[in-house]
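Here is the structure we will look at.
The values are calculated or read from the model by the stated rules, or taken from the named source; none is laboratory data. In this text the structure is predicted, and so the values were computed from the model without any measurement. Note that we place each Cβ from the backbone using ideal geometry, even for glycine, and neighbour counts take in every protein chain shown. To get the accessible areas, we keep the full protein, side chains included, count just its heavy atoms, and leave off ligands, DNA and RNA. Shrake-Rupley method; radii C 1.70, N 1.55, O 1.52, S 1.80 Å.
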Amino acid sequence: MEFHLKKSLGQNFLKDQNILRKEVSVANVTGKKVLEIGPGDGGLTQMILEANPSRLTVIEKDERFAYLLKDKFKTTISIVKDDFLKHEFTDDFDVIIGNIPYYITSPIIFKVKDMKFERAVFIVQKEFAMKMIANPNDSNYGRLSVTSQLFFEVKYIQTISRRVFSPVPRVDSAMIELKRTNSKLDSFDQDIVRYLFQHKNQSVKKSLGHSKQFSKEQLEKLNDYSKVKVRTLTKEEVLKIVGIMKESKK
């Protein structure tokens, strides 16, 4: 079956069998309950099945590919025809895996953070992966870096050339592994992180002052953190600042 790939859905398929096989190996799917996001033409799906998961569920938004997968794999997999970002899962999974579209990588990652799983392995845009693992004072260190590292243990596995995709995208990709941490941030906590890194080259006090949410008295409670540049903060220091601002509300 051949049909036009939808650029609007970020349909670029990885064709290198060795990389697909390594992705499955890193995910350690044997005997596990696996969820694959956006299986597309089923290249990765086939590799997962060869590694003998206890159960494989795939979620595919494009009904053309959902039909193709049903015809190709019959009853060996469970196919959910839906948008991952909108779907409400009733099952837990041991492993989540996928080669996810660049344009919705961030929403997918932050939906995954609220799911239960042992590990997730994704292929994402290289630039996005580098931001996830960036350190304080790196030029690409920001809100994504801090929130990713608070919610996950992030491991950069390898860079993947754009030339092994069809059609060829404009940028290279990277394989990453995620393991959930025990960190929990409520909406207020996440707002503080957002306020901070909207002005990451300024001091903590100035950055939070832009939000107009805090009084001068509350900002004074930052003490030693007041003059620290946001871009230098470790994730632990960010959590301490979140705690101070939460306490200042009382």
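Working ranking of peptides 206-213, 172-179 by packing, defined as the average number of other Cβ atoms within 10 Å per residue, highest first, is 172-179, 206-213.
Once C-alpha pairs closer than 8 Å and six or more residues apart are averaged by separation and normalised to the residue number of the chain, the relative contact order reads 15 percent. Applying the Karplus relation 6.51 cos²θ - 1.76 cosθ + 1.60 with θ = phi - 60° to the stretch 188-201 yields 3J(HN,Hα) values of 5, 4, 5, 5, 4, 4, 5, 4, 4, 8, 5, 9, 5, 8 Hz, where x marks Gly and Pro. Grouping the Cα pair distances of the stretch 137-250 into 10 Å bins from zero gives a pair-distance distribution of 13, 39, 26, 15, 7, 1 percent in increasing distance order.
Taking the charge dipole of the stretch 22-66 about its Cα centre, with +1 at Lys and Arg Cβ atoms and -1 at Asp and Glu Cβ atoms, the residue from Gln46, Phe65, Leu35 reaching farthest to the positive side is Leu35.
Only helical runs count toward this figure. For the chain, summing -39,500 (n - 2.57) over DSSP H runs of n ≥ 4 and dividing by all residues gives -10000 deg cm²/dmol at 222 nm.
For the stretch 138-155, backbone phi angles converted through the Karplus equation (6.51, -1.76, 1.60; θ = phi - 60°) give residue-by-residue couplings of 5, 5, 9, 6, x, 4, 4, 4, 5, 5, 4, 6, 6, 7, 9, 8, 9, 10 Hz, Gly and Pro being listed as x.
Put a plus charge on the Cβ of each Lys and Arg, a minus charge on the Cβ of each Asp and Glu, and nothing anywhere else: the dipole of the chain about its Cα centre is then about 780 debye. Return the lysines within reach of Lys15: Cα separation strictly under 18 angstrom, same-chain partners fewer than 8 residues apart disregarded; answer none if there are no such residues. Output for Lys15: Lys6, Lys7, Lys72, Lys126. Backbone phi angles across the stretch 206-217, fed through the Karplus curve with coefficients 6.51, -1.76 and 1.60 (θ = phi - 60°), yield HN-Hα couplings of 5, 4, 5, x, 5, 6, 6, 8, 10, 7, 4, 5 Hz in residue order; Gly and Pro are listed as x. Please get the size of the charge dipole for the stretch 80-203, origin at its Cα centre, with Cβ charges of +1 on Lys and Arg and -1 on Asp and Glu, quoted in debye to the nearest 20. Using Cβ point charges on Lys, Arg, Asp and Glu, the stretch 80-203 gives about 460 debye. Separation of the stretch 196-236 and the stretch 85-148, taken as the distance between their Cα centroids, equals 26 angstrom. Computed as a quarter of the hull surface, the mean projected area of the alpha carbon convex hull for the chain stands at 14.3 nm². Computed with the Debye formula from one identical point scatterer per Cα of the stretch 137-188, without solvent, the log10 of I(q)/I(0) at q = 0.18, 0.20, 0.25, 0.31 Å⁻¹ comes to -0.77, -0.85, -1.00, -1.13.
Taking the Kirkwood radius as Rh and the Cα radius of gyration as Rg, the stretch 1-138 has a ratio of Rg/Rh equal to 0.95.
Taking every protein chain into account, the accessible area of the chain amounts to 52 square angstrom per residue (probe 1.4 Å).
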